[in-house]
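Asker: Can you read through this structure? Questions will come right after.
The values are calculated or read from the model by the stated rules, or taken from the named source; none is laboratory data. Owing to the predicted nature of the structure, the values given are computational and were not obtained by experimental measurement. Positions of Cβ are generated from backbone atoms using ideal geometry, with glycine treated the same way; all protein chains shown enter the neighbour counts. Protein only, heavy atoms only, side chains kept; ligands, DNA and RNA dropped before computing areas. Shrake-Rupley method; radii C 1.70, N 1.55, O 1.52, S 1.80 Å.
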Amino acid sequence: MVLHVPKTLNDINNKFYVQDFGIGMSLEKVINIYGNYFASSTQTDSNSIGGFGLGGKTPFIYVKDNPNGFKLETTSPEDNVRRTFVFKMQTNQYGGLQPVYSYLDGLDQPNSKIKGTKISFKLNDAQDI
């Protein structure tokens with residue numbers, strides 16, 4: 001696992017990111033779990049811990065007012081394609097927030113040697129470092 005915290009906001013790579021090298025997520029799992037704000041992979045298994053629930057959703061909280069959102073890159077264990085998504089929050093018809101995403105399929109990397117998932121976003125200010 002890699003946790004990258006930039007030293008300053010002026011760093012060339014000034015994005016905060018967390019990257020793991022696990023099995024990654026399929027296209028369907030990304031859309032169903034991250035694209036559905038209250039979804040979790042542990043909803044049907046009370047013996048499991050973790051699994052894209054609250055911990056996986058925390059980037060939404062940080063970037064809720066950021067029009068750039070956060071980027072999620074993951075390699076699917078099903079077809080070994082590394083895919084890139086951008087997730088943002090938008091106001092729904094009831095005045096609440098809901099996740100929206102863009103799948104950047106032009107960035108697909110077939111037969112990726114990079115495994116796992118990476119979530120990255122730009123920090124808002126120096127205090128967040």
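Asker: Would you mind telling me the share, in percent, of accessible area of segment 69-120 contributed by carbon and sulfur at probe 1.4 angstrom?
Answerer: 48
Asker: Excluding same-chain residues fewer than 8 positions from Lys15, which aspartates and glutamates have a Cα within less than 18 Å of its Cα?
Answerer: The reachable aspartates and glutamates, counting only those whose Cα sits under 18 Å from Lys15, are Asp65, Glu73, Asp125, Asp128.
Asker: Grab the other residues whose beta carbon is less than 10 angstrom from that of Ile129, score K and R as +1, D and E as -1, and report the net. Numbers along the way, then the final one.
Answerer: Details: positive: Lys7; negative: Asp11, Asp125, Asp128.
Neighbourhood net charge equals -2.
Asker: If Lys and Arg each add +1 and Asp and Glu each add -1, what is the summed charge of the other residues whose beta carbon sits under 15 Å from the beta carbon of Pro99?
Answerer: Spelling it out: positives minus negatives among the neighbours equals +4.
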